[in-house]
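The values are calculated or read from the model by the stated rules, or taken from the named source; none is laboratory data. Fair warning: this is a prediction, and the values are worked out from it, not measured in the lab. Cβ atoms come from the backbone with ideal geometry, glycine included; neighbour counts cover every protein chain shown. The area values use the complete protein model at the heavy-atom level, side chains included, leaving out ligands, DNA and RNA. Shrake-Rupley method; radii C 1.70, N 1.55, O 1.52, S 1.80 Å.
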Amino acid sequence: MTMKINLTINNHPKTFIIDPSELLIDVLRREGYVSVKRGCDEGTCGACVVLLNGKAVKSCILLAAQAHEGTITTIEGVGTRDQPHPLQLAFVDEGAIQCGFCIPGILLSAKALLDKTLSPTKEEVKIALDGNLCRCTGYSGQIKAVLKAAAVMRGDKK
Amino acid sequence: MSQKTFEGRIVGKSVAKVDALSLALGKPLFTDDIPFKNTVHVKMLYSPHAHANILDIDTSEAEKLPGVLGVLTHKNASQVLHTTAGQGYPEPSVYDTRLFNKKVKYVGDRVAAVAAETVQIAESALELIKVKYAVLEPIFDWDKSYGNTIIIHDEGEAKYLIPVHYDSEKNHVAHMDAEVGDMDKGFEEADFIIDQTVRNHYAQHCPLEPHISIAYFDGHDRLVIRSATQVPFHARRIVAQVLGIPLSKVRVIKPRIGGGFGTKQEIITEIIAAAFAMELKRPVKFEYTRKEEFISARTRHPMTVQLKAGVKKDGTITAMDMKVTSNTGAYGTHGLTVMSNAGSKALPLYHCDNIKFVGDTVYTNLPVAGAYRGYGGTQAALALEIVIDELARTIDMDPAEFRLKNHIKTGESSPIFKALGEGGEGHEQTVDSVGLSECIKFGANAIGWWDREEYKKKHSTETKKRGFGLACLMQGSSIPFIDMAAAYAKMNDDGSFNLLLGATDIGTGSDTVLAQIFAEVLGLEMSDIIVLSSDTDLTPFDKGAYASSTTYLTGLAVQNLAEKIKAQLFEYASKMMNVPSSDLKLGAKEIKHSTTNQSISFSDIGTKALYTDNQQQIGAVASELSKKSPPPFCAHFAEVEVDTETGRVKVLRYIIAIDCGTPINPKLVIGQSEGALVNGIGYALSEQFIFNQKGKVLNPSFGNYKIMTTTDLPDIETIIVPTFEPSGPYGAKSIAEINISGPMPCLSNAIFDAIGVRITEPPYTPDRVLKAIQKHE
């Protein structure tokens, strides 16, 4: 049995034929959104985080069918080489990217936070990133980078 | 500080990591990010028993399942005895494993692999494989393994390629000993003796990207393996060895990889994927799940370390006697070298004339230990830094003062360097850059060490006690006279350079650091350098990412390489400008005359050399053999709060002060340091394997194996104390591993400082701490 789902991914309408039991991560990766990473398959590591209707969700514990008619953002849809998102720039500048495997998920969790508020406290940043594991950096640079990006997006002078 | 330091135009600057933006944009850079048509998927059947003989395997039902393409077991797979350790050849690890063994030796040992059209089919096929086991009694306690009547490797074929003591009849994987001075005299001279035994625990590296290999044949019918590996050249060699094919027919490509920390120094997925690819002539993917990472990748070596040390009232350490029993699990990968490093990466830290080290590695029927960041240094630091603290307290000397007095100083040596190396005798060396006194002083000031008693009183309550801890550490930079690294570069038309490195960037930033060194020598910008690393067909050899060696050793190779190219550029410019080379100097991407306005730009040289004048390829290859292993040093300071009612230990502040010589890229140094630190804190407080009585890991998931997240962090501060290592590239030493080793002893010392209870068996979970408190009362 198959079914058809309609999604808007990174502002492009898409229609996919899926198996109803397929997970969102599998459909996204199959369709070429390979920034969505597989780290645990149980919703704890956050490497597979995407934005679904603006909310950071773990695509490895969500059926693709549950996203039907939804709007999805993956990191492929955020920023370009010439015009990176302030979060991407801040992560690069702060040395907050080491192996980079967790980074798409972390950037999207951070983006979900900054889409809600541009004046998060350090504690709020920590809570927003709590569902994303990173084994390389020790997180401090990432927390700093999110706060820095928020300041840039607020238009604070340096 | 009297030591000179170096800050260059690009070296010493926190330039952006060369791959950072691409990673932030989510580009398809990892092993599994490139689609292959007709990919075959592999799933593995693991032993449910800790110790058993396989009497029979029936795979016929599995093979009949539609979509199943092949099944490998000990009956039909390669039977070449080897080690999975990705080390230099001949490996200092015992050859005691086959792709599939007839006797399974731990829960998680490999029994059969299925290749199928889909993962689901492969998984279903596993359930159809019928295995008859004769279950044997296992050994789980490594302190009871040596000479036990239960013999784990009783096949009688295992052997080392190097002359090392090995006795499978006694479950004895390796032995090392070393003695300097006179132990009896040392202990006689002591006013006090401390004798402490510690035990560390099983833990996993937890790279966010699990192990993965994709093997396929290219248009010339050569086997290509895309692999998340730390050791592409060792992987190529071992794949060829086990599958019995010429090395020249194998190409290993390491794309970006999602962390390693040692576990990807093991050849775990490559051979299986390659074996099926050879049979099926289709791309084959073997990807670990998180659960497989825990049960069947590699772990840290649990050890029992006994350290007996003597001290005089004036603070002189008179003797140190270290006994190590290391548990390598079911197979002996890195069994010898991790154990010997427990001595060699710890004992030289303090002045002492009389030192003895005895190390033994044994098998157990538990998961296989391997390389893990810290590599023995972590295990030894737990014992050493607890004992050092206790020696200081015994003579009423402040633990920081005691360490300041006793730690090795610039220009000094330790007899241990020669007596104990990595798996054999070591090499004499002096340590020529030591910033440890400054690390201790700066760290102490930053945390308020000297006023801590008053602070503790003020902030402690009846049940919540504050405490301060300190630990000092050393590591090495590469393995002397074993590790070799090479680099190659060529100049392009526009004056840019391709820098081809065998070195393996596993997220550490080595591609960036090495490009910085290259740029510094040649007056280039980072954007002038195109780095390509770790492709066995395209890049020169490098031993791989381990032993804290890349910045130091590959850095030296790159510096040599750039100097060679610089000489070529001067010679070329000299001919073009018709002036002697000695009149020329390096400018910004140009060669200039020292006194006149004459100059020739790199882009001119690049174009002319390729197309019109004195035509040649400007470029070179250079390599370096490690000749010493200068230790980085650091001091760790922690403030904890211990809840005496619940046993909960909360780390409030953690300060690390580090001496890595010249920090080539300070932000990457901080990233390496804090990443290691946070892993170390997690290991000290919460990370552990929980086994049932049959040796099965009960918590093989991130949900049940607790690694730290953002909300668990203490306030962390990293202080870089630059020194200048004369033997290193621009004065640099290593930084990758050292900081993982501090938290276990530092937090034990802090807990003791808070509540007067000594805990020697981490992790310091509430139940363990509470038990220790109750036992103490």
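Worth pointing out:
- Each residue in segment B:682-706 was checked for being open to solvent by 10 Å² or more (accessible area, probe 1.4 Å), within 12 Å of another protein chain (Cβ to nearest Cβ) and either of a type in the set (A, V, I, L, M) or not in a loop (DSSP other than H, G, I, E, B) (or both), and 0 pass.
- Residues of segment B:293-314 classified as within 20 Å of the chain's Cα centre (by Cα) and either within 16 Å of B:Val71 (Cβ to Cβ) or among the acidic types (Asp, Glu) (or both), total: 1
- Of the strands (runs of 3 or more DSSP E) lying entirely inside segment B:19-85, the ones with 2 or more residues being under 30 Å from B:Leu336 (Cβ atoms) and within 28 Å of the chain's Cα centre (by Cα) are found at B:40-46.
- Pairs where the first residue, in segment A:131-157, is more than 14 Å from chain B (Cβ to nearest Cβ) and the second is open to solvent by 30 Å² or more (accessible area, probe 1.4 Å) and outside any loop (DSSP other than H, G, I, E, B), C-beta under 7 Å, 6+ apart: A:Val152/A:Pro86; A:Met153/A:Pro86
- Residue within segment B:181-195 that is within 19 Å of B:Lys105 (Cα to Cα) and more than 30 Å from the chain's Cα centre (by Cα) present: no
- The set of residues in segment B:93-132 being surrounded by 22 or more Cβ atoms within 10 Å (Cβ to Cβ) and part of a strand (DSSP E or B) consists of B:Thr97, B:Val104, B:Arg110, B:Val111, B:Ala112, B:Ala113, B:Val114, B:Ala115, B:Ala116.
- Helices (runs of 4 or more DSSP H) (entirely within segment B:436-551) containing at least 3 residues that are in the same structural domain as B:Thr607 (by TED's automatic domain parsing) and at pLDDT 95 or above: B:510-522
- Hits in segment B:191-200 - residues which are assigned to a loop (DSSP other than H, G, I, E, B) and surrounded by fewer than 20 Cβ atoms within 10 Å (Cβ to Cβ): B:Asp191
- Those helices (runs of 4 or more DSSP H) lying entirely in segment B:205-306 with at least 3 residues hydrophobic (A, V, I, L, M, F, W, C): B:232-243, B:270-280
- Selection count where residues are more than 12 Å from chain B (Cβ to nearest Cβ) and hydrophobic (A, V, I, L, M, F, W, C), scope segment A:114-130: 2
- Hey, B:Gly728 more than 9 Å from every other protein chain (Cβ to nearest Cβ), of a type in the set (Gly, Ala, Ser), open to solvent by less than 60 Å² (accessible area, probe 1.4 Å) and closer than 30 Å to B:Lys441 by Cα or not: yes
- In segment B:638-662, residue surrounded by the most Cβ atoms within 10 Å (Cβ to Cβ) [restricted to those that are part of a loop (DSSP other than H, G, I, E, B) and not hydroxyl-bearing (Ser, Thr, Tyr)]: B:Cys660
- Only one of the numbered conditions (1) more than 7 Å from every other protein chain (Cβ to nearest Cβ); (2) crowded, with 24+ Cβ neighbours inside 10 Å is not met by A:Gln83, and that is (2).
- Given (1) open to solvent by less than 20 Å² (accessible area, probe 1.4 Å); (2) of a type in the set (Ser, Thr, Tyr); (3) part of a loop (DSSP other than H, G, I, E, B), index of the condition B:Thr378 fails: (3)
- Test for B:Arg226: is it modelled with pLDDT of 95 or more and surrounded by fewer than 24 Cβ atoms within 10 Å (Cβ to Cβ): no
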